Amino acid sequence: MAVMIQILAIGTMRAAWFSLAFIIALPAALPAAAQQVAATNSLILTEAVKAELSELAIMRGGDIDRASLSGKFVIVSFFASWCAPCRAEFIELRKLIERMGPDRVKVVTVNWLEDFAHYPGESFQIFRVLDRLDPHITAVEGTTSISQIFGGPRGIGAIPALFAFDPDGHQVYSFQFGIGAQKSHTSADDLIAAFR
């Protein structure tokens, strides 16, 4: 019941249907990096996690490699084109890059909870959304594996979901939209405060 309530909070029935189907279809085996997160209940941007991120298909923006994810603040944000709070968060991520500079922060946005198979029109919508991204933001196609690394065994079930890491790879901030949340997305000010 709690899962269904959270899914309905996403906002559309098609998203709820897809999310429910996704949760039911999750494989029993977790990726090794996800097992580490589940065991420690905290995220560290390890070389294994960086490798998983670097293997995701690029939709927009620059390449992701281990070097681009090292020695700087890293943001990983899960989004969908139909998600209004996600689009609002993109504006905040752009502000963050403007304030900190692209040499100090790497932003990776992971497309998640899209259902292109059942709603092919969304595939066009995603590129309209991505065309408005800051050129320093990299957008990638999400996978079940990367969702489980950041969201645990059930993966990311609500969006936006954002994770921020310091230059040493330690998680310093996270946000996931949920029922009763005081806000719908992360702000640049939230992230800058976390990075201090």
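The values are calculated or read from the model by the stated rules, or taken from the named source; none is laboratory data. All values derive from a computational prediction rather than experimental measurement. Neighbour counts run over all protein chains shown; Cβ positions are idealised from the backbone, glycine included.
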Count - residues of the range 135-159 that are closer than 13 Å to residue 77 by Cβ and surrounded by fewer than 18 Cβ atoms within 10 Å (Cβ to Cβ): 0
Unmet criterion (only one of (1) part of a helix (DSSP H, G or I); (2) at pLDDT 90 or above; (3) of a type in the set (A, V, I, L, M, F, W, C); (4) closer than 25 Å to residue 193 by Cα) for residue 37: (2)
Selection count, the range 131-150, where residues are touching a Leu at 6+ places or on another chain (Cβ under 7 Å) and basic (Lys, Arg): 0
Single residue of the range 93-114 satisfying the filter (buried (at least 18 other Cβ atoms within 10 Å of the Cβ) and not hydrophobic (A, V, I, L, M, F, W, C)) that is nearest to the chain's Cα centre (by Cα): 109
Lone unmet requirement of (1) at pLDDT 50 or above; (2) within 16 Å of residue 147 (Cα to Cα); (3) crowded, with 18+ Cβ neighbours inside 10 Å; (4) of a type in the set (Gly, Ala, Ser) for residue 19: (1)
Residue list for the range 160-183, filter: more than 18 Å from residue 74 (Cα to Cα) and either modelled with pLDDT of 95 or more or aliphatic (A, V, I, L, M) (or both): 179, 181
Total residues in the range 50-89, condition in contact with a strand residue (DSSP E or B) (Cβ under 7 Å, 6 or more places away or on another chain) and in contact (Cβ under 8 Å) with a residue 40 or more places away in the chain: 20
Positions within the range 145-196 being in a loop (DSSP other than H, G, I, E, B), of a type in the set (Ser, Thr, Tyr) and in contact with a Phe, Trp or Tyr (Cβ under 7 Å, 6 or more places away or on another chain), in sequence order: 184, 186
Considering residues of the range 63-73 that are out of contact with any Asp or Glu (no Cβ under 8 Å at 6 or more places or on another chain) and under 21 Å from residue 166 (Cβ atoms) only, the residue surrounded by the most Cβ atoms within 10 Å (Cβ to Cβ): 69
Residue match in the range 77-97 (condition: out of contact with any Phe, Trp or Tyr (no Cβ under 9 Å at 6 or more places or on another chain), modelled with pLDDT of 90 or more and part of a loop (DSSP other than H, G, I, E, B)): no
Qualifying residue in the range 125-139 (condition: modelled with pLDDT of 95 or more and not in a loop (DSSP other than H, G, I, E, B)): no
The range 136-164 residues that are over 15 Å from residue 178 (Cβ atoms) and charged (D, E, K, R), paired with ones that are modelled with pLDDT under 95 and not in a loop (DSSP other than H, G, I, E, B) (beta carbon under 9 Å, 6 or more apart): 141/58; 141/59; 141/111
Evaluation of residue 148 against (1) within 17 Å of residue 85 (Cβ to Cβ); (2) under 13 Å from the mean Cα position of the chain (by Cα); (3) not aliphatic (A, V, I, L, M) (one fails), failing number: (1)
